[in-house]
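The values are calculated or read from the model by the stated rules, or taken from the named source; none is laboratory data. Since the structure is predicted, the reported quantities are computational estimates derived from the model, not experimental observations. We place every Cβ from the backbone using ideal geometry, glycine too, and count neighbours over all the protein chains shown. Ligands, DNA and RNA are excluded from the accessible area calculation, which covers all protein heavy atoms including side chains. Shrake-Rupley method; radii C 1.70, N 1.55, O 1.52, S 1.80 Å.
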Amino acid sequence: MEKYSKYDGVICFAGEDWWYHNHGHFDMKVMECLSKDKKILFVNSVGMRVPTIGKSSKILNKIIRKLKSIAKGAVKVSDNFFVYSPFYLPGKSSEKLSAFLLKIQIKWHAKQLGMSNPLIWVVTPTVSKTALELSKDVIYQRTDKNEELSDGDFEYIKQHVKLLQKSAMLTIYSSNELKNSEELSCKKALHISHGIADVFFDKRSYNLKNELNNDNAKKVLFVGAIDSHTFDIKLLLKAAEQHSHVNFYLVGDVSLDNDISLPSNVIFLGKKEQEEIPSYLNKADVLAMYWLQNDWIKYCSPIKFKEYLSAGKPIVSTQFSDCYEFESKAVYISNCHDTFLKNLSLALNTNITDKQNMAVHTWSNKTNDIIKAINEI
């Protein structure tokens, strides 16, 4: 792997919480690669919005989950990789106090790890001021349009995004379309598409047993977060109603706004470890992505797309910005519900498969490209 000897570690203000999110996210995978050479302080997401009754889903569960995460303190999870959940109050009203407390906590933990000149990596934009006070060498990972969160404060989040784009020495985009629309606002912009984890190259992982083994019906699978700002539950329900003889499986955390009455052929399996995902992909007949059509999805670049392609199964999806990155006869892109349903019927009734070679898209290769860009600055 390329070296970045200028720094003695990396402080990553992550977009997720290590303790309860899937470990396949961009920042998590890059930090794992960087930890082979330097110490990593992975700061769990501090959040960008204040939970509000009527706007936010499962408020009590989220608060309890975050308090449990904070209670763990700083934990060494592997060689050179340390995870910390800081005390932080999200939102505009508590910004100054939270920034002050966050800076004290991070500086103390960085000192304990022997970091005197760390590289700062930011995914959650609302920590922008703290990050820029810690160092002028800041990388901003802009993998989502965070300001488009359905229950977020658009203007508050956007002002932090603009500050990072203007001040960070490098802004990394996973979506080429989002990069092209914003790069003039950045000091320097770089497109790095999502990588694919090593487990998807391990043939043994595709043969693990799971709940799909004993199901003789046709199976449609979705893997990922099932939430109100990305997931089109109405589309799923239409598909399940039209194909009542097909079982629709969903793997991932569920955080939809309301309790929804589901037909018997829609089956939530909950969150699974990344090492288990290839076996679920392998046992499905069709892999689906039920995206809402909004600005969040328009400018996203889903990790699961490459994971799906590695399995060689038919893929049916609504549109997103990078959906035409790979040419495949087994990928069916849909611009509306009716087209999705037609494509799903086609995928279920034909046996077109197309296993793509994803070897060039490993996270090690992606991380090398990032290090090269940093070294050139």
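Residues that are open to solvent by less than 90 Å² (accessible area, probe 1.4 Å), without any contact (Cβ under 8 Å) to a residue 40 or more places away in the chain and under 27 Å from residue 173 (Cβ atoms) within the stretch 104-129 comprise just one, 128. Among the residues making up the stretch 90-123, those that are modelled with pLDDT under 95 and either small (Gly, Ala, Ser) or in contact with a strand residue (DSSP E or B) (Cβ under 7 Å, 6 or more places away or on another chain) (or both) are 91, 93, 94, 98, 99. Report whether or not residue 144 is in contact with a strand residue (DSSP E or B) (Cβ under 8 Å, 6 or more places away or on another chain) and open to solvent by 10 Å² or more (accessible area, probe 1.4 Å). Judged against the criteria, residue 144 is not a match. Inside the stretch 88-125, residues that are in a helix (DSSP H, G or I) and of a type in the set (A, V, I, L, M, F, W, C) make up a count of 9. Residues in the stretch 272-323 that are over 18 Å from the mean Cα position of the chain (by Cα) and among the charged types (D, E, K, R) were compared, and the one that is modelled with the lowest pLDDT is 313.
Among residues of the stretch 335-348 that are under 15 Å from residue 237 (Cβ atoms), those with a Cβ under 8 angstrom from a residue that is aliphatic (A, V, I, L, M) and in a helix (DSSP H, G or I), sequence gap 6+ or separate chain, pair up as 337/235; 340/235; 340/239; 341/239; 344/239. Look at the stretch 286-314: where a residue is assigned to a strand (DSSP E or B) and a partner is acidic (Asp, Glu), sitting 6+ places away or on another chain with Cβ atoms under 7 Å, you get 291/232.
Please find, within the stretch 221-245, the residue that is most open to solvent (accessible area, probe 1.4 Å) out of those that are of a type in the set (Gly, Ala, Ser) and closer than 26 Å to residue 296 by Cα. If we take residues in the stretch 221-245 being of a type in the set (Gly, Ala, Ser) and closer than 26 Å to residue 296 by Cα, then 225 is most open to solvent (accessible area, probe 1.4 Å). Against the definition (surrounded by fewer than 18 Cβ atoms within 10 Å (Cβ to Cβ) and closer than 26 Å to residue 292 by Cα), how does residue 181 come out, yes or no? Here the answer is yes, as residue 181 does meet what is asked.
Checking each residue in the stretch 154-178 for being open to solvent by 20 Å² or more (accessible area, probe 1.4 Å) and polar (S, T, N, Q) picks out 159, 167, 176. Being more than 16 Å from the chain's Cα centre (by Cα), among the aromatic types (Phe, Trp, Tyr), under 30 Å from residue 337 (Cβ atoms) and open to solvent by 60 Å² or more (accessible area, probe 1.4 Å) is a property that residue 248 lacks. When residues in the stretch 200-245 are screened for being of a type in the set (S, T, N, Q) and within 22 Å of the chain's Cα centre (by Cα), 3 of them pass. Could you check, for the stretch 338-352, whether at least one of its residues is of a type in the set (Asp, Glu) and touching a strand residue (DSSP E or B) at 6+ places or on another chain (Cβ under 6 Å)? No, there is no match, as no residue in the stretch 338-352 is of a type in the set (Asp, Glu) and touching a strand residue (DSSP E or B) at 6+ places or on another chain (Cβ under 6 Å). Restricting the stretch 281-306 to residues that are out of contact with any strand residue (DSSP E or B) (no Cβ under 6 Å at 6 or more places or on another chain) and closer than 17 Å to residue 207 by Cα, which is least open to solvent (accessible area, probe 1.4 Å)? By that ranking, first place goes to 281. Pairing each residue of the stretch 213-231 that is under 15 Å from residue 344 (Cα atoms) with any residue that is in a strand (DSSP E or B) and of a type in the set (Gly, Ala, Ser), provided the two are 6+ apart or on different chains, yields C-beta distances under 8 Å for 220/288; 221/288; 222/288. From the residues in the stretch 324-377 that are surrounded by 16 or more Cβ atoms within 10 Å (Cβ to Cβ), of a type in the set (S, T, N, Q) and assigned to a loop (DSSP other than H, G, I, E, B), which one is modelled with the highest pLDDT? Taking the candidates together, the pick is 328. Of all residues in the stretch 269-280, exactly one satisfies the criterion of being small (Gly, Ala, Ser) and either within 22 Å of residue 234 (Cα to Cα) or surrounded by 23 or more Cβ atoms within 10 Å (Cβ to Cβ) (or both), namely 270.
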